Amino acid sequence: MHRPIDEPGDGAGHGPGPLSRPPHGVPPSRPRSHPVPGELPGHWTGIPAVPPGPWADAGEIPDPGRVDPRVLGALLARHGWRRRGGAAGRYSRWTPPGPESLGRGTSLLVPESRAFPDCEDLLGEALAALAHSAAPSAREVLTGLTVPSDEIRWWRDVPPGPAGTVPWPVQEQLRSAARALLLAGALAVRGRNGYHGSRHRRQAQTSLESVVVGAAPGGRALTAFLPVDPGRAVSVRLYHALYAAREAVDYQRATGGMEAFDTAVQAGVSRELTEALVALVRGTEGASVALEWSPAAGTPEGCAARPEPVEFSPGDLPALREAGIRYLTDEPSVPVRITGAVVRMRRSGPRGEGTVRLRVLAGAEVGHVRVSLDEEGYRTAGHAHLVGLPIRVVGRLESRGGFRRLTDATGVVPVQVDEAERDRLMKSLHENLDIFEEACGPGED
């Protein structure tokens with residue numbers, strides 16, 4: 001589903017006419033005081049510094065032979081570029097947003113389709129012009145062309161600092177809140193829970209390694225590009241979760257009831273998401289999150305083609321905080337059977353019960369857990385570690401503390417592993433001879 005390049009719009013990808021209402025409902029329209037997306041570009045950084053995955057092989061300028069002119073036109077319109085005529089049915093002329101477009105600014109000729117005889121030459125010239133354009137939005141257009149990506153935009157209404165810029169700590173708050181919101185979406189892809197804690201965290205963080213971000217010069221806005229492969233699932237989950245959170249807040253403020261937050265869990269709302277929204281809104285006059293789908297991949301099923309930004313205000317903070325507490329206290333413990341390698345042991349004396357820390361190999365989507373064991377179980381765990389074997393233990397993974405503690409532990413037994421894994425565990429033992437902390441005072445448990 002590509003937006004035609006001659007479709008009028010406001011530069012943010014919103015054309016005239018009614019929008020289809022998403023499954024969880026769209027909140028009543030609120031005044032939009034934030035700038036259009038064409039004003040959002042600026043300094044560009046990657047997460048991590050050298051992005052892996054689909055961005056690793058991307059050149060400075062996309063290959064003209066692989067660029068769909070319809071996608072280029074849709075991205076130009078989304079980022080505020082203006083169509084100013086051209087040869088009907090052959091090519092269109094685009095100028096950047098702002099007053100410079102009326103005079104000496106960059107002008108692009110974009111063919112209507114690849115059927116145009118000089119299509120590839122025109123595309124090459126247009127891409128080169130974008131790469132050298134002084135228009136900040138040119139970088140966003142090139143980024144969207146390099147890898148088909150959904151775009152997520154955050155905006156915060158905060159007081160300006162010197163010279164109209166936002167102070168560094170306030171910019172860091174925006175980055176931190178945006179990162180937390182992406183992580184909440186990635187966690188929701190792996191499970192619909194009111195509170196995730198440390199469950200699925202490693203996998204969720206890994207799924208975000210290909211995300212690229214760009215910050216606006218003023219420090220009030222941030223844009224994330226999520227490659228459709230593999231980021232589309234995160235974008236879709238955040239779409240549903242944000243609207244569900246907005247509806248739940250509206251319901252709580254209108255009725256005082258928190259029931260809507262319970263049903264919103266199935267849409268992806270969680271304590272992690274409400275905490276991210278609190279961090280985004282705190283200290284501002286308001287904040288918004290907007291999603292734009294990749295023109296190359298089209299609109300995902302069940303989503304509006306051009307979603308309206310979801311906005312939150314300081315008046316929403318009490319409901320969001322109360323929901324976070326509710327999710328934390330209501331999430332039950334989980335019965336599990338964990339296989340893990342002993343990485344630390346501690347007890348207060350040479351005999352009696354003690355605590356071991358396990359690096360989880362199987363049975364739970366967490367990295368490490370702490371387990372309290374009786375004397376026999378503690379002895380079994382110590383012997384297993386000394387011979388390079390993990391242990392298996394049955395218990396309940398407690399939500400308190402973020403699902404990092406196993407309680408009611410029983411049935412501690414060594415587990416046979418292949419020689420390579422056993423050698424690795426033995427090497428770990430020799431490198432960490434302080435694993436036993438019996439009667440040695442306080443330490444990590």
ask   = Carbon and sulfur together cover what percent of the accessible area of segment 338-404 at a 1.4 Å probe radius?
value = 43 percent
Long-range HN-HN contacts of SER333 with modeled amide H, under 5 Å = SER399
query = Mind listing the phi-derived Karplus ³J(HN,Hα) values for segment 240-252, rounded to whole Hz, using 6.51, -1.76 and 1.60 with θ = phi - 60°, and x for any glycine or proline?
reply = 5, 5, 5, 5, 5, 5, 4, 5, 5, 5, 4, 5, 5
key: Accessible area (Å², 1.4 Å probe, nearest 10) - LEU183   = 30 Å²
request  = Take the solvent-accessible surface of the protein heavy atoms, probe 1.4 Å, and return the percent of it on segment 201-268 that carbon and sulfur atoms account for.
outcome  = 52 percent
ask   = Relative contact order, percent, of segment 180-249 when contacts are C-alpha pairs under 8 Å separated by at least 6 residues?
value = 33 percent
task = Over segment 201-352, calculate the relative contact order: mean separation of alpha carbon pairs under 8 Å at least 6 apart, over the residue count, as a percent.
result = 19 percent
query = Largest first, what is the accessible-area ranking of ILE325, ILE61 with a 1.4 Å probe?
reply = ILE325, ILE61
ask   = To the nearest Å, what is the center-to-center distance of segment 227-291 and segment 115-187, using C-alpha atoms only?
value = 22 Å
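Among GLU112, GLU353, what's the order by accessible area (1.4 angstrom probe), most exposed first? List each step's numbers first, then the result.
Working: GLU112 45, GLU353 140 Å².
The residues order as GLU353, GLU112, largest area first.
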remark   = Over segment 162-294, with neighbouring protein chains present, the accessible area per residue in Å² at probe 1.4 Å is 35 Å²
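The values are calculated or read from the model by the stated rules, or taken from the named source; none is laboratory data. Note that this is a predicted model, so its numbers are computed, not measured. When the accessible area is computed, the model is the full protein with side chains, heavy atoms only, and any ligands, DNA or RNA have been set aside. Shrake-Rupley method; radii C 1.70, N 1.55, O 1.52, S 1.80 Å.
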